[in-house]
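Let me begin by presenting the structure, written as structure tokens, before commenting on it.
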């Protein structure tokens, strides 16, 4: 990394929030477009396909992500600054059902 890019840069880390159930390519690309050093808040869900820990581990595996926390553990200030990542779940499920004739 060119260290000159750090000079004058905002010290406030980027924060994103989403369910990531499951993590889709579009969601991973949206996170990557935000830059590196991201803090990602993974939402808890009542009707999850993958449990919270599995989703957190998948998101943590992305190069641009520095930290992953639950929405239950996030401060109100962090939640307020988090950029929502567009959910791709419904579209993904519809595509799978279409391809498998259900």
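Could you compute the FRET efficiency for residue 70 and residue 98, with r as their C-beta to C-beta distance and R0 at 22 Å, rounded to 0.05?
On the way: r = 32 Å, r/R0 = 1.48.
Efficiency, rounded to the nearest 0.05: 0.10.
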request  = With no solvent and one equal point scatterer per Cα, compute the Debye intensity ratio I(q)/I(0) for the chain at 0.11, 0.15, 0.16, 0.17 Å⁻¹ and report its log10, rounded to two decimals.
outcome  = -0.37, -0.64, -0.71, -0.78
request  = Using only alpha carbon pairs under 8 Å that are at least six residues apart, calculate the relative contact order of the chain and give it in whole percent.
outcome  = 33
key: Estimated FRET transfer efficiency (residue 77, residue 45; beta-carbon r; R0 25 Å; 0.05)   = 0.65
remark   = For 20, 98, ascending order of other Cβ atoms within 10 Å (fewest first) is 98, 20
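Values quoted throughout were computed directly from the atomic coordinates according to the rules given, and no laboratory measurement underlies them. Since the structure is predicted, the reported quantities are computational estimates derived from the model, not experimental observations. Don't worry about glycine lacking a Cβ; one is built from the backbone with ideal geometry, like all the others, and counts go over all protein chains shown.
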